[in-house]
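Everything below concerns the one structure shown next.
The values are calculated or read from the model by the stated rules, or taken from the named source; none is laboratory data. Predicted model only: the values in this text are computed from it and were never measured. A quick note on method: Cβ atoms are made from the backbone with ideal geometry, for glycine too, and the neighbour counts reach across all protein chains shown.
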Amino acid sequence: MTTTPANSVVWTEIPVRDIDRGIAFYKAVFNFTLNRDESGPNPMANFTDDMTGVSGHLYPGEPAAPNQGPTIHLIVPDTLEAAADRCWKAGGTVQGDPIPLPVGRFQ
């Protein structure tokens, strides 16, 4: 039997050099709770989800060079400006200006 998935993309894996720092960064910027899982061959930190849509995890790895690799869009719990400020404070960088879309903005 063939099924048509609700989402074409169902999982994303984000490489981080230091998993503990990665967990702290995503918590600070997005207010995400990540659950460590060391049951497999590599440690990972799973984004919490309700198992009905797209999700993913952080894993120890080398991030892509700037402007290389996939682009992953994550929802923020409040405004784009507040999330950008938290990103800077957590040691990240913000690239480009906000881009308006009919359903909101992204950066």
Picked from segment 24-73 (must be at pLDDT 85 or above and acidic (Asp, Glu)), the residue nearest to THR93 (Cα to Cα) is GLU62
Search segment 54-63 for residues being under 14 Å from the mean Cα position of the chain (by Cα) and assigned to a loop (DSSP other than H, G, I, E, B), and hand back the single one that is surrounded by the fewest Cβ atoms within 10 Å (Cβ to Cβ). PRO63
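Pick from PRO41, PRO66, PRO100, PRO77: which is more than 30 Å from THR4 (Cβ to Cβ) and surrounded by 10 or more Cβ atoms within 10 Å (Cβ to Cβ)?
Values: PRO41 fails: surrounded by 10 or more Cβ atoms within 10 Å (Cβ to Cβ); PRO66 fails: surrounded by 10 or more Cβ atoms within 10 Å (Cβ to Cβ); PRO100 fails: surrounded by 10 or more Cβ atoms within 10 Å (Cβ to Cβ).
Criteria check complete, one pass: PRO77.
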Among residues of segment 29-38, those that are under 12 Å from the mean Cα position of the chain (by Cα) and either assigned to a helix (DSSP H, G or I) or surrounded by fewer than 13 Cβ atoms within 10 Å (Cβ to Cβ) (or both), counted: 4
Checking the condition of a type in the set (Asp, Glu), free of Cβ contacts under 8 Å to residues at least 40 places away in the same chain, out of contact with any Phe, Trp or Tyr (no Cβ under 6 Å at 6 or more places or on another chain) and within 23 Å of TRP11 (Cα to Cα), which residue from GLU38, GLU62, GLU81 passes? GLU38
